[in-house]
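The values are calculated or read from the model by the stated rules, or taken from the named source; none is laboratory data. Quick caveat: nothing in here was measured; it's all calculated off a predicted structure. Don't worry about glycine lacking a Cβ; one is built from the backbone with ideal geometry, like all the others, and counts go over all protein chains shown.
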Amino acid sequence: MASIDSVADKVIWSAQHLIALKAEIPGYLNNEPCEVTAEAEPGTNRLISRLRTKVPIPVSIPLRIGDCFQNLRSALDYLVWELVLAAGNIPTNEHQFPICNKAEAFKDAVKRGRLKRISPEALAEIERFQPYHTSAGGALKLINDFANINKQRKAN
């Protein structure tokens with residue numbers, strides 16, 4: 001039986017990370033963790049500003065940011081899983097919420113089975129929210145980009 005409970009749980013967990021992050025950042029910033037210096041560039045009239053870190057960013061801050069985005073990205077995949085169930089079908093490991101910058105990439109994701117066995121209405125809605133429909137890419141692109149950064153880089 002389809003249920004969006006798992007999707008909601010992931011979104012709520014992401015929000016919990018965001019709340020913790022909002023509580024932690026002011027404490028870090030209150031320690032005056034960096035300073036801005038300005039110096040004249042030799043041979044020109046240009047002023048060069050530099051940001052010097054005095055206190056390293058606590059590892060918990062980038063970890064929370066990464067977890068926040070990763071949970072949002074996972075919630076989208078959970079949603080596809082539930083849409084397959086809602087259509088009376090059995091999900092597989094191929095199912096995934098595609099986030100595509102070009103219409104051709106979305107069509108390719110559909111051909112690869114990312115959205116097979118969901119209703120045509122659900123498919124149309126997922127396609128409607130794809131980043132290629134907006135000039136800046138929208139929220140889905142942001143979630144996907146940050147989730148990918150989180151998967152591929154160390155926190156510090």
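Details
- Of the criteria (1) surrounded by 12 or more Cβ atoms within 10 Å (Cβ to Cβ); (2) without any contact (Cβ under 8 Å) to a residue 60 or more places away in the chain, which one residue 104 fails: (1)
- If you go through segment 29-48 and keep only what is part of a strand (DSSP E or B), surrounded by 10 or more Cβ atoms within 10 Å (Cβ to Cβ) and of a type in the set (A, V, I, L, M), you end up with 40, 48.
- Each residue in segment 118-129 was checked for being part of a loop (DSSP other than H, G, I, E, B) and either over 18 Å from the mean Cα position of the chain (by Cα) or modelled with pLDDT of 95 or more (or both), and 2 pass.
- Per the listing 39, 82, 32, 94, the residue uniquely without any contact (Cβ under 8 Å) to a residue 40 or more places away in the chain, closer than 26 Å to residue 142 by Cα and charged (D, E, K, R) is 94.
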